[in-house]
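I have placed the structure first, in the form of structure tokens, so that the comments after it can refer back to it.
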Amino acid sequence: MDSMSSACFCTPLITSTAATASQASTRRLFSTSRFHLGRQRSPPPCRASLPMTTFCAAAAAAADPGSAASRLLSVGLPRHVESMPRLPSGNGRISRLSAVVLGEALAAEENDLIFPSPEFSRDALVSSPEQYRKMYKRSIEDPAGFWSEIAAQFYWKKRWSPDVYSENIDVRKGPVKIEWFKGGITNICYNALDRNIEAGNGDKVALYWEGNEPGQDGQLTYAQLLDQVCQLANYLKHVGVSKGDAVVIYLPMLMELPIAMLACARIGAVHSVVFAGFSAESLAQRIIDCKPKVVVCSNAVSRGAKVINLKAIVDNALAESANNGIAVDLCLVYENQSTMKKEDTKWQDGRDILWQEVVPQFPTKCPVEWVDAEDPLFLLYTSGSTGKPKGVLHTTGGYMVYTATTFKYAFDYKPSDVYWCTADCGWITGHSYVTYGPLLNGATVLVFEGAPSYPDPGRCWDIVDKYKVTLFYTAPTLVRALMREGDEYVTRYSRKSLRVLGSVGEPINPSAWRWFYNVVGDSRCPISDTWWQTETGGFLITPIPGAWPQKPGSATFPFFGVQPVIVDEKGNELEGECSGYLCIKNSWPGIFRSLYGDHERYETTYFKPFAGYYFSGDGCRRDKDGYHWLTGRVDDVINVSGHRIGTAEIESALVYHPHCAEAAVVGVDHPVKGQGIYAFVTLVDGVDYTDEVRKSLILAVRTQIGAFAAPDKIHWAPGLPKTRSGKIMRRILRKIASKQLDELGDISTLAEPSVVNQLIEFTDR
Ligand code: WTA
């Protein structure tokens, strides 16, 4: 698929090169246009022996009297199969023959259709493709009507006017500008907490908290959560934080993390949560960019048997940002008592303030700062294909309506649900689907501080049983990691409470899907494989359980209001069964509005590659039945354990090392992490290629970015394959890294073709 790479974009794109030491030292990192259709996680090809006839229960039953379809008919349950001969895509009859119904195990590769059971559909919010299609059609034909009816279910101090939305996503027509509910005055914290309390849910548990050690736990009702949010909001106001000010939050998964986010939202401050696995350098970079009034952090966190001194990282980051002219005067530190006492924490008097000492003194009532729907809610930095992380800017009203609505439908939310999302609030999933989406629905949310395999790989299911979790949302990397530990760790727990499972962060491979479905969900639970991005705010392509049959590994169909298209490299929309670049044709309420301080980069990255569309950066295949199969990134972003990281960022960290002359990083398939980080490194002249240097290079990445970005492999590269114009041929590096040596392709255009053999020789050195 590399033929679909870089060349043919309508807009000139910046050429690729590897980072060099001098480039990194000036922090001017290169941009790339190295689009390639990434890992091809297409559906398993339909087995030749399977007739690709149209699906219909009667035909299926006749073809195979023992099939699920025939069992359905024989037990008098044909409704589903018959009510779903047409799919949401409107593509006509479904083309696969074999099927199971929720409640039945998936036995073999070809049983790749899982119908919701009649009971599940009966109780579901959307119970048939027809109902979905009707709602979807309305959402496309009348977005203003569709979304304003939903938005009206929230509290608005003043209704939006004059328009529900206005958009220009076509760079040829002028600057990209998107607004939803503009002129509407609201507050997302009010809608998540006060509104639910006023509806009589003050005593409902809003947050359960499970600590690192089994037995450490806590909980807050909606009323208690509001009290705590108000106390912190009052404190922040007291120290001078007001509407529009940035607050950086560097907290582990304690209840204080969503509390801090909501407190900022309550007073109109803009939070920027930094994942507490990022290094001091990365934290400093974000502080320097958004210039917060306050940094809120914790002194430490336990992850499994490890204690991480977060405050030491913050101290270094604050020193670094001060050196760069951004001094933060106030650091509010939450003492994570079970992990580290305040006495053992390095303290800078005057700047560092103990949360527990000051916040509880403030009143538990705090008036709401009413904001415009288009006022900023948060900034979240995310990796792109260039070195500098991008501050993705989300605003209030559209994000609120979109996260709440997607949460509700994709998980088929019921008020009695107990919902657990294993993501950290440092990533978008923790914003939209630990904090805002579920709380806006009045849901009970579990926050877990620890590591999912501590003290043993059964911990998740122990927690599921302890809290009677009904909705469990996680990443394929965790599914694969737990799958390797064997079924015993799962089956020793009941898991009877589970109702719907969810997956996010990367394509879930069909075998992991099957294990998740068969073993974790006891074949009872549909899996919502939700495709979305930091930029999209919420789900764009996702199953709606109860509405249509699932295929293991497919994110299925678009959410309401979303028009995905697959285009070729020239930007032509492809019809029917196809594969290409995934774009979206229109705006939706949850889309980000800009990159902080760099609207031009916003337009260049997302709206210029294919004029008239939002470009996702992902490859996608659409099958005969209209199901979408995400195939991974097509730019130089890789997904490691569901964490998104730009190869350029890692290269930049590597060349920061004094011994590194040049580095080129590619992603390779990894059995657990999805993608692993594979770095080709050229050392400066005179330095020996030793294991010590290798270790210190890896350490450099850990220090510059964070442990999750550490390369899995450093491949010594005395020379890199470059074109005569000096451009690194990453296609060749990817093939060498994945040992596909017979697919190296044409290397004659290289300045020095002999470099390739040399690199191959160095594979295991
Ligand atoms: C990938 C995470 C396939 C994709 C929410 C996207 C997925 C990137 C899925 C965004 C999925 C996320 N199937 N791929 N269900 N979900 N991705 O911004 O490549 O951290 O572009 O947002 O993750 O990563 P981000």
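The values are calculated or read from the model by the stated rules, or taken from the named source; none is laboratory data. These figures come from a predicted structure and were not determined experimentally. Here Cβ is always computed from backbone atoms with ideal geometry, including for glycine, and neighbour counts include all displayed protein chains.
Wholly within region 670-765, which helices (runs of 4 or more DSSP H) include no fewer than the required count, namely at least 2 residues that are within 30 Å of the chain's Cα centre (by Cα) and at pLDDT below 95? So that I can check it myself, show each step before the final result.
Working: elements: 691-704, 730-737, 754-761.
Fully inside region 670-765 and qualifying: 691-704, 730-737.
Of the residues making up region 433-476, those that are more than 30 Å from residue 398 (Cα to Cα) and β-branched (Val, Ile, Thr) are 463, 464.
The requirement of being surrounded by fewer than 19 Cβ atoms within 10 Å (Cβ to Cβ) and acidic (Asp, Glu) is fulfilled nowhere in region 659-666; no residue meets it.
Restricting the search to region 188-212, which residues are of a type in the set (D, E, K, R) and in contact with a Ser or Thr (Cβ under 7 Å, 6 or more places away or on another chain)?
203, 204
Can you name the condition, by its number, that residue 666 falls short on among (1) away from the ligand (no atom under 14 Å from the Cβ); (2) of a type in the set (A, V, I, L, M, F, W, C); (3) farther than 20 Å from residue 732 by Cα? Here residue 666 clears every test but (3). Is there a residue in region 707-714 that is more than 16 Å from the ligand (Cβ to nearest atom) and within 25 Å of residue 553 (Cα to Cα)? Looking through region 707-714, none of the residues is more than 16 Å from the ligand (Cβ to nearest atom) and within 25 Å of residue 553 (Cα to Cα).
Every condition in (1) within 16 Å of the ligand (Cβ to nearest atom); (2) within 29 Å of residue 399 (Cβ to Cβ); (3) not polar (S, T, N, Q) is met by residue 552 except one, and the failing one is (2).
Residues to consider are 158, 182, 137; find the one that is out of contact with any strand residue (DSSP E or B) (no Cβ under 8 Å at 6 or more places or on another chain) and not hydrophobic (A, V, I, L, M, F, W, C).
Values: 158 fails: out of contact with any strand residue (DSSP E or B) (no Cβ under 8 Å at 6 or more places or on another chain); 182 fails: out of contact with any strand residue (DSSP E or B) (no Cβ under 8 Å at 6 or more places or on another chain).
Result: 137 is the single residue among 158, 182, 137 that is out of contact with any strand residue (DSSP E or B) (no Cβ under 8 Å at 6 or more places or on another chain) and not hydrophobic (A, V, I, L, M, F, W, C).
Only a single criterion out of (1) assigned to a strand (DSSP E or B); (2) out of contact with any Asp or Glu (no Cβ under 9 Å at 6 or more places or on another chain); (3) under 30 Å from residue 583 (Cα atoms) is not satisfied by residue 629, namely (2).
I'd like the full set of residues that are out of contact with any strand residue (DSSP E or B) (no Cβ under 7 Å at 6 or more places or on another chain) and farther than 13 Å from residue 719 by Cβ, limited to region 733-746.
Within region 733-746, the subset out of contact with any strand residue (DSSP E or B) (no Cβ under 7 Å at 6 or more places or on another chain) is 735-736, 739-746.
Within region 733-746, 735, 739, 740, 741, 742, 743, 744, 745, 746 qualify.
Output the residues belonging to region 403-450 that are within 18 Å of residue 588 (Cβ to Cβ) and within 16 Å of the ligand (Cβ to nearest atom). Matches in region 403-450: 403, 406, 407, 409, 410, 428, 429, 431, 432, 433, 436, 437. For region 497-510, the set of residues classified as within 16 Å of the ligand (Cβ to nearest atom), closer than 17 Å to residue 525 by Cα and touching a residue at least 40 places away in the same chain (Cβ under 8 Å) consists of 500, 502, 504, 508, 510, listed by residue number. Hey, can you tell me all the residues within region 198-214 that are buried (at least 20 other Cβ atoms within 10 Å of the Cβ) and either more than 13 Å from residue 225 (Cβ to Cβ) or of a type outside the set (Phe, Trp, Tyr) (or both)? If the condition is that a residue be buried (at least 20 other Cβ atoms within 10 Å of the Cβ) and either more than 13 Å from residue 225 (Cβ to Cβ) or of a type outside the set (Phe, Trp, Tyr) (or both), then 206, 207, 210, 212 are the ones that fit. As an exercise: evaluate residue 319 against (1) touching a residue at least 40 places away in the same chain (Cβ under 8 Å); (2) outside any loop (DSSP other than H, G, I, E, B) and give the number of the one condition it does not meet. Here residue 319 clears every test but (1).
Does region 635-645 contain at least one residue that is hydroxyl-bearing (Ser, Thr, Tyr), outside any loop (DSSP other than H, G, I, E, B) and either over 21 Å from residue 275 (Cα atoms) or touching a helix residue (DSSP H, G or I) at 6+ places or on another chain (Cβ under 7 Å) (or both)?
Residues of region 635-645 hydroxyl-bearing (Ser, Thr, Tyr): 641.
If we keep only those that are outside any loop (DSSP other than H, G, I, E, B) too, we end up with none.
For region 635-645, residues hydroxyl-bearing (Ser, Thr, Tyr), outside any loop (DSSP other than H, G, I, E, B) and either over 21 Å from residue 275 (Cα atoms) or touching a helix residue (DSSP H, G or I) at 6+ places or on another chain (Cβ under 7 Å) (or both): absent.
One residue stands out in region 514-549 among those that are assigned to a helix (DSSP H, G or I), among the hydroxyl-bearing types (Ser, Thr, Tyr) and near the ligand (Cβ under 10 Å from one of its atoms): the one that is surrounded by the most Cβ atoms within 10 Å (Cβ to Cβ), namely 536. Taken together, 296, 333 contain a single residue that is in contact (Cβ under 8 Å) with a residue 24 or more places away in the chain, assigned to a strand (DSSP E or B) and under 26 Å from the mean Cα position of the chain (by Cα), which is 296. Applying the set (1) in contact with a strand residue (DSSP E or B) (Cβ under 7 Å, 6 or more places away or on another chain); (2) over 25 Å from residue 228 (Cβ atoms) to residue 402 leaves exactly one unmet item: (1).
Scanning region 552-575 for residues that are surrounded by fewer than 22 Cβ atoms within 10 Å (Cβ to Cβ), assigned to a loop (DSSP other than H, G, I, E, B) and out of contact with any Cys (no Cβ under 8 Å at 6 or more places or on another chain) yields 563, 568, 572, 574, 575. Might you let me know whether region 420-432 holds any residue that is among the charged types (D, E, K, R) and either at pLDDT below 95 or over 14 Å from the mean Cα position of the chain (by Cα) (or both)? No, that holds for no residue. Residues of region 481-496 include none that is within 16 Å of the ligand (Cβ to nearest atom) and surrounded by 22 or more Cβ atoms within 10 Å (Cβ to Cβ). Against the definition (assigned to a loop (DSSP other than H, G, I, E, B) and touching a helix residue (DSSP H, G or I) at 6+ places or on another chain (Cβ under 7 Å)), how does residue 592 come out, yes or no? When the stated conditions are applied, residue 592 passes them. Going by the structure shown, is residue 642 over 29 Å from residue 143 (Cβ atoms), within 14 Å of the ligand (Cβ to nearest atom), buried (at least 24 other Cβ atoms within 10 Å of the Cβ) and among the small types (Gly, Ala, Ser)? Considered against the rule, which asks whether it is over 29 Å from residue 143 (Cβ atoms), within 14 Å of the ligand (Cβ to nearest atom), buried (at least 24 other Cβ atoms within 10 Å of the Cβ) and among the small types (Gly, Ala, Ser), residue 642 comes out as no.
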